[in-house]
Each structure stands twice: as C-alpha cells, then as structure tokens.
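The structure under discussion appears below in the form of structure tokens.
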Amino acid sequence: MNEEQRARKFVERHFPVTAAFLAAEAGEGEPPVFGPGGVQNAHDDQPEPFVVVRVAYRLSRFELFAALADGYATTNTGANPDDMTVQQIRSDVESYLCGASWRDMEDLVETVAGQIERGDHPEQMEALKRAMDRAYPLHHEAPAMQSPRYAEGTVTLQTLDRGEVTIGEPSWCTGHEGELVGPLSEVSHDGPETAAFVDAGRLGEVPLMRANLTHAPYLEIDREPHPLVYVEALEAASFDADGLRALVATGRTYLDRLGALAGQLDELAEEGSS
C-alpha cells in the first residue's frame, strides 16, 4: 500500500464523516469508474500471457443498459437479474464490451430501444434496470460504508469491483467498521495502534510516533505477501533540555515496542510461508 493509500485509510478510520464528504466532493463533475472486474479471456486453452491490456469505455446510461442486456442475453439469460451478484452484472457488461467492436454499440442501442418500444419482455427489462442500478450506482450518491459480517477467521465485505466478497480476517485486525466501500485492491487489515506521547510544554502531550500492523493482500501493484508495520510521525514541537531527555527516554521505550512488532512480523511471515 503506497503512502497516499495509507493516508486515505487513516482518514477513513479516524474521521469517517470527513472521508465520506471528501469522496463525494471528488466525484462531482466526473462519472464514476467501475472495473474491470477480471480478465475476460482467462481460459485454460489460452497461450501463456505476456501482458494484460485494460481498455476503458465512457458509457451513457442507455449504452450501459444495452451492453448489460446483450451480455445478459448471451451468458445469463436463465438467471433472475434480481438474484445476480454485482460481480455477475458487471461481468455481463464487460463481456459484451470485450467481444464486440465499439462501432457495434450504435446498432445495439437501436436494437434494445426497439425491444423496449415494442414492449418485449417488460418484466425482464425492468429487472435488468434494477440490476444495473445496483451494480453501477450514480456518482452523486453518498459513498457506501462497510457493514462487515464476521465468521470464524473470515469477514464479508462489499467492494466496488467484485461485489460482496468473503476474505480471511487475521486475529490481530481491529475490524472494518467505519471504512468506505472501495475496490478489492484497497481492502487492508489494520492492527491496533501503538503510540508514543511526549510532554511538549504549553502544547501539552503531543503524539510523537504511531505504528500498527497492516496488510493489503489484494494490491495490484507493490503486492504485500506478508503483513507490514506502518510507522508515521504525527507532530512537530520544540523542547528544552529536560523535555528533550524525556523525549529520548520515551523514544527508547517506544523503539523497544517496535522491536516487539518486528518479532511479530517474523512470526506472521513464517505462518504465511508454511
């Protein structure tokens, strides 16, 4: 997880209302981005992959619906759209876009518009509209907050690109309440904070450093095969001689605590490699 992602996670955890407001503000004026949910031609009979090429499409609301209708008719026509997962819905859209030329979109839109005008399959069309709204929420809606469901060693979370996912939940993770729903790659496990506070005179006690175990196992870049310890300095202050000695003593004690966390990292890495 890079520094920008860590900073966002810190704000989300400690200031969820502010994080939700900033996310909503950032979305104004630009359409939301969804996917891709996976590699479309990831089949056993494909040759050895060399690269993964990702292509983005800007779709109007009706173009999105037309792509879903075609993808549904091709791959999921026997399914009830109201029972489809977000991942299945998005997969139908992406499978159409992958298999057709962009020049085909105009013809597809005319075809689907004609079906609606003739009243073909009205209940199914309405169900597909509901499915589309579930999988592609409007950008001006408030960012969703996680409502995690915990089981033995697992947690079930919502994601923007994979829908509902159930993943492993390490015993040291403090949980995911108050986090914003984002893509799977941004899901991370964060342990309890350990912090050092020093007396800064008229400023009172200020935090010197903080650290916590963290693991973002689904990053697409700079993957984290094992947990890490995230450390940051939080405050700047000036000290006299006695205050500086107190800071050094506090720092030494805190470094011992960080040393214990290093030992925990070794244990977790051994567990993950076994």
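Could you say which residue among Leu180, Leu108, Leu160 is assigned by TED's automatic domain parsing to the domain that holds Asp82 and at negative phi?
Leu108
If Ala127 satisfies every condition in (1) hydrophobic (A, V, I, L, M, F, W, C); (2) closer than 27 Å to Val53 by Cβ; (3) over 23 Å from the mean Cα position of the chain (by Cα); (4) modelled with pLDDT of 90 or more but one, which is the exception?
Only one criterion in (1) hydrophobic (A, V, I, L, M, F, W, C); (2) closer than 27 Å to Val53 by Cβ; (3) over 23 Å from the mean Cα position of the chain (by Cα); (4) modelled with pLDDT of 90 or more is unmet by Ala127, namely (2).
Here is a list: Thr174, Thr166. Which entry is polar (S, T, N, Q), at pLDDT 90 or above, closer than 21 Å to Met145 by Cα and in a loop (DSSP other than H, G, I, E, B)?
Thr174
If I ask for residues that are without any contact (Cβ under 8 Å) to a residue 40 or more places away in the chain and either assigned to a helix (DSSP H, G or I) or exposed (fewer than 15 other Cβ atoms within 10 Å of the Cβ) (or both), which ones from the range 56-78 would you list?
Residues satisfying the conditions are Ala56, Arg58, Ser60, Arg61, Gly71, Ala73, Thr74, Thr75, Thr77, Gly78.
Name every residue in the range 188-216 that is touching a residue at least 12 places away in the same chain (Cβ under 8 Å) and in a loop (DSSP other than H, G, I, E, B), in order of residue number.
Within the range 188-216, Ser188, Gly191, Pro192, Glu193, Ala200, Ala216 meet the criteria.
The values are calculated or read from the model by the stated rules, or taken from the named source; none is laboratory data. Not measured: the values here are computed from a predicted model. FYI the Cβ positions are ideal-geometry reconstructions off the backbone, even for glycines, and counts take in every protein chain you see.
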